[in-house]
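The structure under discussion appears below in the form of structure tokens.
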Amino acid sequence: MVANEACKEPWRYSAAGISIALRVTPRGGRDGIDGIEQLADGRSVLKVRVRAIADGGEANKAVLVLLAKSLGVPKAGVKLLSGATSRLKQIAIDGDPARLGEALRQLVSAQSKD
């Protein structure tokens with residue numbers, strides 16, 4: 001099942017960049033990307049945790065900063081598409097889609113080795 005999850009990436013490519021389905025854990029004790037998880041409905045999401053609380057958009061801001069830093073893109077290039085008040089979110093990241101996809105694969109594979 002792990003191999004099946006690995007080939008079902010929770011991001012989609014577009015001409016402007018990439019969009020990612022996330023499952024966010026606020027007050028997670030640390031800021032980090034925890035790999036890919038498959039939801040009960042079969043969708044794949046990237047698991048992200050942040051120290052910030054889910055109050056006044058603080059956790060959303062922390063997620064955007066974490067992704068920008070992890071992928072080496074400007075903070076202005078990372079936008080929340082949907083899910084402002086939900087744990088499940090859609091994020092858009094501007095940039096070269098092939099480079100962003102490869103960076104995400106490396107982040108996820110590094111987490112699976114820990």
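The values are calculated or read from the model by the stated rules, or taken from the named source; none is laboratory data. Owing to the predicted nature of the structure, the values given are computational and were not obtained by experimental measurement. Cβ sites come from the backbone with ideal geometry, for glycine too, and all protein chains shown count toward neighbours. Areas reflect the complete protein model, heavy atoms only, side chains present, ligands, DNA and RNA absent. Shrake-Rupley method; radii C 1.70, N 1.55, O 1.52, S 1.80 Å.
Per residue, how big is the convex hull around the C-alpha atoms of the range 12-96? Give it to me in cubic angstrom, could you?
90 Å³
Using the heavy atoms of the protein chains alone and a 1.4 angstrom probe, what is the accessible area of the chain per residue in square angstrom?
Ligands and nucleic acids excluded, the result is 57 Å² per residue.
Add -39500 (n - 2.57) for each DSSP H run of 4 or more in the chain, then divide by its residues: what number comes out at 222 nm, to the nearest 500 deg cm²/dmol?
Calculated from helices alone, the mean residue ellipticity at 222 nm is -10000 deg cm²/dmol.
Within 10 Å, Cβ to Cβ, of ASP31, how many net charges do the neighbouring residues add up to if Lys/Arg are +1 and Asp/Glu are -1?
+4
So if we plug the beta-carbon distance of ALA68 and ALA98 into 1/(1 + (r/R0)^6) with R0 = 22 Å, what FRET efficiency do we get, rounded to 0.05?
0.75
Net charge within 14 Å of ALA16 by Cβ-Cβ distance, Lys/Arg positive one each and Asp/Glu negative one each, not counting ALA16 itself?
Details: positive: ARG12, LYS79, ARG99; negative: ASP94, ASP96.
Summing Lys/Arg as +1 and Asp/Glu as -1 gives +1.
Within the chain, what is the number of lysine pairs with alpha carbons under 13 Å apart, leaving out pairs fewer than eight places apart on the same chain?
Values: LYS47/LYS89; LYS61/LYS69; LYS61/LYS75; LYS61/LYS79; LYS61/LYS89; LYS79/LYS89.
Lysine pairs meeting both conditions in the chain amount to 6.
Carbon and sulfur together cover what percent of the accessible area of the chain at a 1.4 Å probe radius?
54 percent
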